[in-house]
Amino acid sequence: MPPNEAPIGVFDSGVGGLSILRSIRRELPAEHLSYVADSGNAPYGDRQVAFIEDRATIITEFLLAFGVKAIVVACNTVTVVAVEKLRVWCPVPIVAMEPAIRPASGRTRSRVVGVLATSQTLASPNVARLCSLYGNDVRILLQSCPGLVEQVERTDLTSDTTRSLLLRYISPLLEVGADTIVLGCTHYLFLSQLIGEIVGPSVSIVDSADAVARELARRLGSHRITSLRSQRGYEQFFSSAPQEQARAAISALWGRPVIVHALVPPHLHQTANEL
Ligand code: DGL
């Protein structure tokens, strides 16, 4: 396959990165997209660094074996823990996540911003750097959200349990005047509607999905590997979760029935073209 027509690999600890895949599909309709959900190992948020690094390496090798021309790390947690190491050896461009603290600090009028993310992400030097760059005249409140990734993995986007978890995490932010909430975990984008109901119309919700898709388009352009086809690209899905559970979750969140392949060593797969 000519490099321009090779797929783009996108991965996350689970189904959350489908929210990034959605933006990529809108931005780059012709590109082939191969998505890996490591749902059998989600959540990553409270795992040891070595475990997350191992999983990121295994999945990157898996995608490279499928001939991807670029990789999107659609997971804030993998980004802060493992992406620098991946970049050392990975032969294709890698685009990664960053919580949207910069746009949020430009948008807030109350000068109080709340950031929802996993504890790994919030404890990272990446977030500390963003807070020191953009937190001079803005109070940036960091709120970890244990349990939310699991709710999205179960595609439980609207239940009382999910709502009460969100209330527990968001209410303290609203009480001190936050008018802008950053979704710093790709899973949480699937809770945007419920979060919007909780915070009301005067509070902005910001994420980095469209910015990542635009950055990917820019990187493909600068490496001259943008697809030249005029037809729409395919999406293919892989998951480490039990197959029926993976199919149901990904179909629900992607918005149409899809086939999900098991995440097994590449030599056991057919090539991407044959799938
Ligand atoms: N979607 C991942 C992120 O953006 C969730 C990490 C996890 O599995 O805890 O951080």
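A few notes on this one:
- Extreme residue, surrounded by the fewest Cβ atoms within 10 Å (Cβ to Cβ), among residues of the stretch 106-117 that are within 26 Å of L216 (Cβ to Cβ) and in contact (Cβ under 8 Å) with a residue 40 or more places away in the chain: R107
- Of all residues making up the stretch 1-34, the number that are open to solvent by 30 Å² or more (accessible area, probe 1.4 Å) and in contact with a helix residue (DSSP H, G or I) (Cβ under 6 Å, 6 or more places away or on another chain): 1
- Filtering R232, R218 for residues that are part of a loop (DSSP other than H, G, I, E, B), surrounded by fewer than 20 Cβ atoms within 10 Å (Cβ to Cβ) and not aromatic (F, W, Y) leaves a single hit, R232.
- In the stretch 35-49, the qualifying residues are those that are aliphatic (A, V, I, L, M) and open to solvent by less than 60 Å² (accessible area, probe 1.4 Å), and the one that is farthest from the ligand (Cβ to nearest atom) is V36.
- Qualifying residue in the stretch 125-136 (condition: within 16 Å of the ligand (Cβ to nearest atom) and small (G, A, S)): no
- Restricting the stretch 179-192 to residues that are under 24 Å from I94 (Cα atoms) and of a type in the set (V, I, T), the residue that is nearest to the ligand (Cβ to nearest atom): T186
- Taken over the stretch 193-210, the residue count meeting the criterion of being away from the ligand (no atom under 16 Å from the Cβ) and not in a strand (DSSP E or B) is 10.
- Here the condition is being at pLDDT below 95 and farther than 20 Å from P201 by Cα; of G135, G147, it holds for G135 alone.
- Residue list for the stretch 204-258, restricted to those being at pLDDT below 95 and of a type in the set (D, E, K, R): R229
- Count of the stretch 132-170 residues, restricted to those that are closer than 17 Å to L122 by Cβ, touching a residue at least 60 places away in the same chain (Cβ under 8 Å) and open to solvent by 60 Å² or more (accessible area, probe 1.4 Å), is 1.
- Qualifying residue in the stretch 171-183 (condition: within 22 Å of the chain's Cα centre (by Cα) and open to solvent by 30 Å² or more (accessible area, probe 1.4 Å)): no
- Filter result for A96 (surrounded by fewer than 23 Cβ atoms within 10 Å (Cβ to Cβ), within 15 Å of the ligand (Cβ to nearest atom) and of a type in the set (G, A, S)): yes
The values are calculated or read from the model by the stated rules, or taken from the named source; none is laboratory data. Every value quoted in this text rests on a predicted model; they were computed, and no experiment measured them. Quick reminder, even Gly has a Cβ in these numbers, built from the backbone with ideal geometry, and neighbours come from all protein chains shown. What goes into the accessible areas is simple: the full protein's heavy atoms, side chains included, and nothing from ligands, DNA or RNA. Shrake-Rupley method; radii C 1.70, N 1.55, O 1.52, S 1.80 Å.
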